[in-house]
Amino acid sequence: MSLSFLAPAVLGLLLLQLLPDPIQALTWQQPLGGDKILGSFFGLPGQDATYDYVVVGGGLAGLVTATRLAENGTFSVAVVEAGSFYEFTNSNKSQIPWYSESSVSDDPEGYINLLIDWGLVTTPQPQLNNRRIHYAQGKTLGGSSARNQMIYDRGSKGSYDYWAELVGDESYKWDNILPFFKRSMRFNPPNVGARGANATPSYDLEAYSADGGPLQVSYPNFAMPFGVYGVEAFKAAGLPQANGFSNGDLHGVDHNPFTIDPMSQLRSSSESTFLDHAINAGSPLTVYPMTQAMRILFNNGTRATGIHAHSSVMDWEIHARKEVILSAGVMHSPQLLMVSGIGPASTLHAHNITLIKDLPGVGRNMHDSCAIGGV
C-alpha cells in the first residue's frame, strides 16, 4: 500500500434550443436503460469498510481518478467527500451557467455558500492594501468544477515540457499528456446558426478525439455583443487569431469553449459526467458524501492503510488494500498530511502531532498569481 497525490486541476444567459444534427451526433450519450438507484452507491456512515482504493476528495481530479480505477470492474473504490451533490445544495446557482459569476467572488463578504465552498479567507495582504481574500475552494462532489466559470483551455506546450524537465519525468511532456486530455472530454463544435457568423470561434480538431468523454466541452448558443467586439478590439491591438486554446498554443485571441453540455445547456462537471457515467455503468464505486477525512492511518511504518472518517456525530475507519489517494485540493491535501504526521518536523512538534515523516516542503511554498479580465 502506498500514498499517492493528485494536483488539483460565461458569456450571458444561454438559450435552450435544438442543435443541428452534426453537433448532436458528436454529443456523448448516456447509456440506455435509465439511471441506477443512487442509494446503491453510498457508503454507510459509522461502519468500518475496506476497499482496494480510497480516494480522499470527490472533486475534479478525485472523481476522474476514482471512476477510471473502477471502470473495468476489477477494483473496488471509495470516494470520501466532505460536501454533497451541488444540484441539491446550490441548485440553479451551480447548474445554470449564467449564475457562475456569483460563485467566484474574492470578497469575503460576498455570496459564499458554505454547503459547496470551504469559506477560506486569507489574512490581510499588504500587497493588496491589506485586503482579505476569499479563496474559493469547492466543497462538493465535482469540487471546483461544480462552481467555477467553466472556461476550458489547456496550458501551453512549453509549460508542460518545462514541468517534465523540472521533475525529471517525461510523462508530463505535452506530447505524452495530450492523449489523456483527449480521452477525458468530448468536443462539440459551435452552433453557428445560434451564435452568428461574427461570433464563430476557431478550433483545432486535432486537439480532440471523436470518442473522448464523458466531460462535455462546447460553446454557448448565445454570444454577448461585447465579446464579439472584444475579440475584434484585441485583433486591432495586434493580437493574432488563435486556433482555439487546446492545441498547446495560447498565443492569440478567440472565444473560449466552456464545460457546458450542449444538449441541456447546463454545467458539465466531473460529478455530472464521470460520476454519473460510473453509476449508470454499475462500476464498483462507493461514495461517502458529507464525510470528512480527519487523518490518514498508517501501519507501524510509513505505509498508508486508510483514513479516519467523520460525518455528523459518527467516526469510523475506511481502509485501503492498495492505496490511499489524496485529491483534497491545494489547501486540504497538505493540511491532511500535516495533521496525519507528514510535514515539517518543527511545525508538527509545535502542535503536538506525532511525526510519521519529516517532509519540510509540505504546506509551504505555494505561489499564486492575480487574474486580469479583458473586455
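Where a number appears in this text, it was derived from the coordinates with a stated rule and is not lab data. Everything numeric in this text was worked out from a predicted model, so none of it was measured. Here the Cβ positions follow ideal geometry from the backbone for every residue, glycine too, while neighbour counts run over all protein chains shown.
General observations
- Cα-based reach from residue 235 at 12 Å (exclusive), listing aspartates and glutamates while leaving out same-chain residues under 8 positions away: 254
- Taking every alpha-carbon pair under 8 Å whose residues sit at least 6 apart, the range 257-329 reaches a relative contact order of 16 percent.
- Straight-distance crosslink candidates among aspartates and glutamates, where the alpha carbon sits under 15 Å from residue 93 and sequence neighbours closer than 8 are dropped: 101, 117
- Near residue 51, the amide H atoms lying under 5 Å from its own belong to 319, 320, 321; only residues 5 or more places off or on other chains count, and H is placed 1.01 Å from N.
- Mean separation of Cα contacts under 8 Å (6+ apart) over length of the range 151-266, as relative contact order %: 33
- Once backbone amide H atoms are built at 1.01 Å from N, residue 295 has 308 as its partners under 5 Å, excluding neighbours fewer than 5 places away on the same chain.
- Under-5 Å amide H pairs with residue 286, H placed in peptide plane, nonlocal only: 77, 78, 79
- Partner aspartates and glutamates for residue 357 [C-alpha distance under 20 Å; skip if fewer than 8 residues away on the same chain]: 323
- Remark: 324, 104, 217 ranked as 104, 217, 324, counting other beta-carbon atoms within 10 Å and listing the fewest first.
- Taking the inverse of the mean reciprocal distance over all distinct Cα pairs, the Kirkwood hydrodynamic radius of the chain comes to 22.2 Å.
- Considering only alpha-carbon pairs that sit under 8 angstrom and 6 or more positions apart, the relative contact order computed for the range 246-375 is 13 percent.
- Of the residues 359, 215, the one with the fewest other Cβ atoms within 10 Å heads the list, and the complete ranking is 359, 215.
- Here the 3J(HN,Hα) profile of the range 269-281, calculated from phi with Karplus coefficients 6.51, -1.76 and 1.60 at θ = phi - 60°, is 10, 5, 6, 6, 10, 4, 5, 4, 5, 5, 5, 5, 7 Hz, Gly and Pro shown as x.
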